Amino acid sequence: MREPSKLPAVSVIIPCYNARDTIAVSLDSALHQSVRDIEVIVVDDGSTDGSAALVRAVSQHDSRVTVIEQANGGVSAARNAGILAARARVIAFLDADDLWAADHLQTHLRRLELSP
């Protein structure tokens, strides 16, 4: 894990609304990136299906994961809450029902480095 004073390379923001059936796999795809120096901010947008509890359980074992819980305001409000909490200079969005290939972030960081 990273040192508390060191900023992560990427803040991954996952808006989540009633995604209990898919959030674990999406979160797993974020946490198993080849770029390990990340923070993952899951914004639970008023879920009623236990999504937040599932993510909190993951956060107990992986300090890179943070859960923000808020009243339902829609995906844009959830993303905005994640942006406000983000510490990295690079922000990546991942939906709660999507998956990334293991080199997804590395590919984007490389492209950003080549063409800032």
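The values are calculated or read from the model by the stated rules, or taken from the named source; none is laboratory data. Computed from a predicted structure; not experimentally measured. Cβ sites come from the backbone with ideal geometry, for glycine too, and all protein chains shown count toward neighbours. The area values use the complete protein model at the heavy-atom level, side chains included, leaving out ligands, DNA and RNA. Shrake-Rupley method; radii C 1.70, N 1.55, O 1.52, S 1.80 Å.
For the chain, with every protein chain kept in place, what is the accessible area per residue (1.4 Å probe, Å²)? Write out the running numbers ahead of the final one.
On the way: 6490 Å² over 116 residues.
Averaged over the residues of the chain, the accessible area is 56 Å².
Give me the percent of accessible area attributable to carbon and sulfur for segment 40-116, probe 1.4 angstrom.
Working: 2360 of 4540 Å².
C and S fraction of accessible area: 52 percent.
For a Förster distance of 22 Å, can you work out the FRET efficiency between the beta-carbons of Gln60 and Glu113, rounded to the nearest 0.05?
Details: r = 34 Å, r/R0 = 1.54.
Once rounded, the FRET efficiency stands at 0.05.
For the chain, what class follows from the C-alpha gyration tensor (a ≥ b ≥ c being the square roots of its eigenvalues): rounded when a/c is under 1.5, otherwise prolate if a/b is larger than b/c, else oblate?
prolate
With a 1.4 Å probe and all protein chains kept in place, how do Thr107, Thr66 rank by accessible area, largest first?
Details: Thr107 35, Thr66 65 Å².
Final ranking, largest accessible area leading: Thr66, Thr107.
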